[in-house]
Amino acid sequence: MLRNRARRDTVTLPFRIRNNFKRQPPQGIIIAPPNDDNGSDGEINFDDGNEQRNNCHDVDMQLENEEYDGYEDAGNDNVYATSSENDDNYTASSENEEYDDYNSDTGTTSLESEESESDTTSSSDSGQNNHANPSSEEKIFIDRALNESNLPNFNGNFAPYFQDFTTAALFCWIHKHDISTKAYEDLVDIIMSQEFDRNHIVRNIRRFRTWRQHLPLLPISAKSIPISSKKTPSTSKNSKISYQLSINDIIWYVLNNPSLVNNMYFGPGIDSETKSEYWHGTLWAESPLFGQEQLTISQETYKCGNFVYYYDNDNNEQLQLGRLRAILINEVDKQYRLRIQKVLYYNDLPGTFKGALRQNRSFTGEVWLQDLSVQTIGISQISKKANVMMIFQYNQIPEETLLYITEIIYKHDHQWRIRSVDFSYKHPANYIITRPPPSPSMKVYKLFLDLYYDDFGTYRNVYHSLGGVYIQFGNMPSHQRKLLKNHFVLEFVPFGGDFNEFVKPFISEMKELKKGKVMNIQGQDVWVIASIGVVTADLPQGNDLAGVLRQNANKGCRSCTISKDSFTDFTQDMALTSRYHHLTDSEFSLISAETVIAQKKRLNIYHVTAGKIGRLLKLTCELFSQEGENDFIKTWKDFEKPKTWSRIPNPISHQESFMMSDYLRVAMIMPFILNRFLKITSLKNNEAKNIQQRTGASRINLVKNAVITCWVHVAKTMSMVFKSKFTNNSYEELQQNLKEEMNILPKVFSEFVNLPNLHVSIHLLMHAKTYGTLINTQCGIKEIVHRIFKAMVPRTNRKNIELDLLKRYTTLFAIRHLVDGGIDQRHILTNWYITEDKGTSNEHDEQDDVVTSPVNFITNITLKKEVSRQDRENVMLNLPHFNSELLFSFEDIGFKSALVYSQMSWYKLATYTIEETTSGVFSKIHLHIGDFVTIQEENHDECYAIIKGIFKYKANNNKFYAFIILDWFEEIKRVHHILKCPLYRIQATDDTCWRPISVVDHVQKVHFVYDATNEC
């Protein structure tokens, strides 16, 4: 949140700002400070900037190149907004982006548009001004043919319209078949290649398509499955041929692809302060299928699940009893760490649990397991094994057992409680047994598979759904899993087909892979173990897979047995109500026996969060009086939304057209919008009185604060839910935010009482610890794959959609395998033009005015849209020390002598490619005048600034370097009393000084808005 200050200071910095903001929004949207006279309400943290949106008309390039970062870190601890993308909700594609390389109105690229702008006559400019004036009655032409005098002087049969047959034919072909920019650029690359020979062209496309069988295709198998008559038309048959790919084949191709396997992690769980990957979660660390199951210490083999004697971190003299939960590798020193769960003797029990009965049992060897009491120790602190047995239901205590456990001590609501050992999750080592490789020296690959299943409609106006089943490899880091090309299709369930019948071949293969299998990977035999680590699905499909009823059933939660009348009771003792495999009925016993099918089934936080926000938005809009609706619409239109967002419909009249991504974005800005206009007269009187009665507010004027507080808690919770990195403190903060949200929403809005989407909050903490973060199990990006196949449907004959889609996918998969340098047993097609790195082209090296990067992690710097002379002079008026600061900037990048040249140009936009220092991912960054940026100063914390100018200057080595001019923000150590966000102001001249920037390691995630209230 910003406070207005009369004085500002500006500085110049070397061009090393990492930001993904794009072009200014259209007219009518108020730009964030200081370009706007309206105030703003605070700081919004979001991460829409790093996503590269897919284009439905360019499916081939999507599968190879597209990347989505829509579910990344939701920001700092003091800010509370995030952003995500989803399935069909990712319809804000590149053609709707404020910044896109293709201009859908003119059919030109951005560079071509710039050239046309520079050639536009003054009369054209005046026409645009008239067009902007609604009172003008003059007819304005925005697109018309050139005058004959302006036509190029062509000769030939196609003059004066086209230069020759080639240009005429290509132009007509482009518009006849609606060819996209990327497709045309690929065609040009092919034609312009020196190896292109027109005599090699295959004239019959049907015959050409059969050439796909020359590629290393994944084989497609077929089987007949029954079709349900409840979903399909009456003319449908009772059975249908279904098609699927083999998981064994997919694994073989993935492991033989160097670009994939070299980035995959195979090893024990990682002990890290910051948790972001699957291998940071408890499931990976504890399961023998994914992590390390045993370790030899002093010639003694210790396995996960064993009980041991150890020396405590706080007391190195007295032996303690505990259970070895996991074997880890420390991220810093790469040394082994052991995660130990504490076991208590009778004397260590809380006083309330001591008595004659338990004391007598302790004499026979009973000890007590303490829940959630875990510490990490070094291997030198292990003393020896202990003979302890967990006594589950129907188990008898063997005579040779020295110690046994029948009860668990745990804390609930800050009070000690005790429960039977039956109410606990079995350690994976208790029910999973793995086989060792045939040879001790054989390399072992343990694969963590993520299975996703969801239905999607294939047609727009006809209900005909297919069930998409996709596989991801959890061994890939998160930035690799976000790539669409790393979502692997397994099968398509036919319309009306039974998923359980359809998945049987897959289950058979997974049972074999769970035991271990020898595969020849990159020329050597390796031992491959693969198992399902998580199953993600939409709510209906997820409940079907988990074997429970829908969420509206009396006990519709798939994680606990709480009845729907107590869904939003956060005081429930989840340890006593959770679903445990060994306590379920015969149906769950069957699922438990197939442990390979699913280790865990999890809700999708994207659907859950968006659904909750959608309900809150609807209820909030229903509270508004006529005055409130008018004020809301006015504030909504004037509010300075982030420039990278696509246009969001008006929630009052168009909420039904909202996509899930729209709901998530609304949650970020809604607290600020409400705080800007909401008064007690903005609410219906009877609704305000009801809220006052439910909340116990002393005055009705406080009702508006209660409504805003609901949105504040929802935004804070959403920020934590979509965090890409967690620490132990983050887990505690997540739990606190979930609890506060669950308390406030049912109190203000009765419709939230016992809402299933709100009940999920009780389980989110456990899910986050199990998988490291919550976004590791979200399926928003996975549903983007649906869009790709939906775009393919119109290009098929619609007779056998499932087979056509699989054939197209296997063709693209084979091409991708060859392009990535994957191993093919036939060694064909090893040198393709599409493997060339266009980013390394020397085309720009011959240009004298190319912009040079001062650092290695920034490349391909491009400056666009020159600033007018008047705007340039206005900027320079506010830079009294421009020359000296420019000299300091050049000194920062290594130039110590005085500047010789004075050549300088100013621009509105800068784009460049940046390599992430931690992940090695390349991202396209956009900077525009007026953007807010996050920068890291030397010896300082993160700072924020707004870009006031972009220019290039010629250095003494005859190369141009790019710079930006910044206005800095200063935190004033205050927090808004309602919005709970930090307040900032633009630094005054006396408050600031020149500080060079040495490294920038954050992509822009923060948006500022004016504080228009009386508080500032």
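The values are calculated or read from the model by the stated rules, or taken from the named source; none is laboratory data. Quick caveat, the model's predicted, so the values are computed rather than measured. Cβ: placed from backbone, ideal geometry, glycine included. Neighbour counts: every protein chain shown. When the accessible area is computed, the model is the full protein with side chains, heavy atoms only, and any ligands, DNA or RNA have been set aside. Shrake-Rupley method; radii C 1.70, N 1.55, O 1.52, S 1.80 Å.
Pick from the range 179-189 the residues that are at pLDDT 90 or above and of a type in the set (A, V, I, L, M): which of them is farthest from residue 795 (Cα to Cα)?
Here the answer is 188.
Hey, can you tell me all the residues within the range 322-341 that are under 20 Å from residue 384 (Cα atoms) and open to solvent by less than 60 Å² (accessible area, probe 1.4 Å)?
322, 323, 324, 325, 326, 327, 328, 337, 338, 339, 340, 341
Filter the range 465-501 down to the residues that are surrounded by 21 or more Cβ atoms within 10 Å (Cβ to Cβ), modelled with pLDDT under 90 and aromatic (Phe, Trp, Tyr), then identify the one that is farthest from residue 454 (Cα to Cα).
Residue satisfying both the conditions and the ranking: 495.
Does the range 228-250 include one or more residues that are assigned to a loop (DSSP other than H, G, I, E, B), out of contact with any Gly (no Cβ under 9 Å at 6 or more places or on another chain) and aliphatic (A, V, I, L, M)?
No, the range 228-250 contains no residue that is assigned to a loop (DSSP other than H, G, I, E, B), out of contact with any Gly (no Cβ under 9 Å at 6 or more places or on another chain) and aliphatic (A, V, I, L, M).
Take residues that are touching a strand residue (DSSP E or B) at 6+ places or on another chain (Cβ under 8 Å), open to solvent by less than 30 Å² (accessible area, probe 1.4 Å) and free of Cβ contacts under 8 Å to residues at least 12 places away in the same chain and tell me which of the helices (runs of 4 or more DSSP H) falling wholly in the range 642-705 contain 2 or more.
Filter on the range 642-705 gives an empty set.
I want to confirm something. Restricting to the range 781-805 and keeping residues that are among the basic types (Lys, Arg) and assigned to a loop (DSSP other than H, G, I, E, B), which single residue is farthest from residue 497 (Cα to Cα)?
So the residue we want is 782.
Are there any pairs with C-beta distances below 8 angstrom linking a residue in the range 971-983 that is open to solvent by 20 Å² or more (accessible area, probe 1.4 Å) to a residue that is among the aromatic types (Phe, Trp, Tyr), with the two at least 6 apart or on different chains, and if so which?
Pairs found: 971/984; 972/984; 980/80.
Take the range 302-321 and flag every residue that is open to solvent by 20 Å² or more (accessible area, probe 1.4 Å), farther than 25 Å from residue 731 by Cα and within 40 Å of the chain's Cα centre (by Cα).
303, 306
Of the numbered conditions (1) closer than 24 Å to residue 271 by Cα; (2) more than 19 Å from the chain's Cα centre (by Cα), residue 743 fails exactly one; give the number of that condition.
Unmet for residue 743, out of (1) closer than 24 Å to residue 271 by Cα; (2) more than 19 Å from the chain's Cα centre (by Cα): (1).
Residues in the range 712-770 that are assigned to a helix (DSSP H, G or I), open to solvent by 20 Å² or more (accessible area, probe 1.4 Å) and not acidic (Asp, Glu): how many?
Of the residues in the range 712-770, 18 are assigned to a helix (DSSP H, G or I), open to solvent by 20 Å² or more (accessible area, probe 1.4 Å) and not acidic (Asp, Glu).
Just one of the numbered conditions (1) among the basic types (Lys, Arg); (2) under 28 Å from residue 818 (Cα atoms); (3) within 36 Å of the chain's Cα centre (by Cα) is not true of residue 231; which one?
All conditions pass for residue 231, except number (2).
Going residue by residue through the range 155-178, is there one that turns out to be open to solvent by less than 70 Å² (accessible area, probe 1.4 Å), under 30 Å from residue 816 (Cα atoms) and modelled with pLDDT of 90 or more?
yes
Residue-by-condition table, conditions (1) in contact (Cβ under 8 Å) with a residue 40 or more places away in the chain; (2) over 37 Å from the mean Cα position of the chain (by Cα); (3) surrounded by 12 or more Cβ atoms within 10 Å (Cβ to Cβ):
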| residue | (1), (2), (3) |
| --- | --- |
| 185 | no, no, yes |
| 188 | no, no, no |
| 204 | no, yes, no |
| 209 | no, no, yes |
| 213 | no, no, no |
| 216 | yes, no, yes |
| 235 | no, yes, no |
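Filter the range 374-392 down to residues that are among the polar types (S, T, N, Q), assigned to a strand (DSSP E or B) and more than 16 Å from residue 315 (Cα to Cα), then give me how many there are.
Our first condition is that a residue be among the polar types (S, T, N, Q); within the range 374-392, this holds for 375-376, 380-381, 383, 387.
When the remaining residues are screened for being assigned to a strand (DSSP E or B), the result is 375-376, 383.
Still in the running and more than 16 Å from residue 315 (Cα to Cα): none.
Adding up the residues that qualify gives 0.
Among the residues of the range 858-891, what is the count of those that are touching a Lys or Arg at 6+ places or on another chain (Cβ under 9 Å), more than 15 Å from residue 959 (Cα to Cα) and open to solvent by 40 Å² or more (accessible area, probe 1.4 Å)?
Result for the range 858-891: 4.
Go over the candidates 707, 714 one by one and state the one that is in contact with a Ser or Thr (Cβ under 8 Å, 6 or more places away or on another chain) and of a type in the set (A, V, I, L, M).
707
Looking at the range 258-370, what strands (runs of 3 or more DSSP E) fall wholly within it and have at least 3 residues that are of a type in the set (Phe, Trp, Tyr)?
Output list reads 307-311.
What's the total number of residues in the range 617-641 that are in contact with a helix residue (DSSP H, G or I) (Cβ under 8 Å, 6 or more places away or on another chain), in contact (Cβ under 8 Å) with a residue 24 or more places away in the chain and either open to solvent by less than 20 Å² (accessible area, probe 1.4 Å) or in a helix (DSSP H, G or I) (or both)?
16
Just one of (1) of a type outside the set (A, V, I, L, M); (2) closer than 29 Å to residue 509 by Cβ; (3) surrounded by fewer than 14 Cβ atoms within 10 Å (Cβ to Cβ) trips up residue 229, so point out which.
Among (1) of a type outside the set (A, V, I, L, M); (2) closer than 29 Å to residue 509 by Cβ; (3) surrounded by fewer than 14 Cβ atoms within 10 Å (Cβ to Cβ), the lone unmet condition for residue 229 is (2).
Which is farther than 21 Å from residue 747 by Cα, at pLDDT 75 or above and not aromatic (Phe, Trp, Tyr), of 597, 591, 613, 605?
The unique qualifying residue is 605.
I'd like the full set of residues that are out of contact with any strand residue (DSSP E or B) (no Cβ under 6 Å at 6 or more places or on another chain), open to solvent by 60 Å² or more (accessible area, probe 1.4 Å) and modelled with pLDDT of 75 or more, limited to the range 515-568.
Scanning the range 515-568 gives 515, 520, 522, 523, 524.
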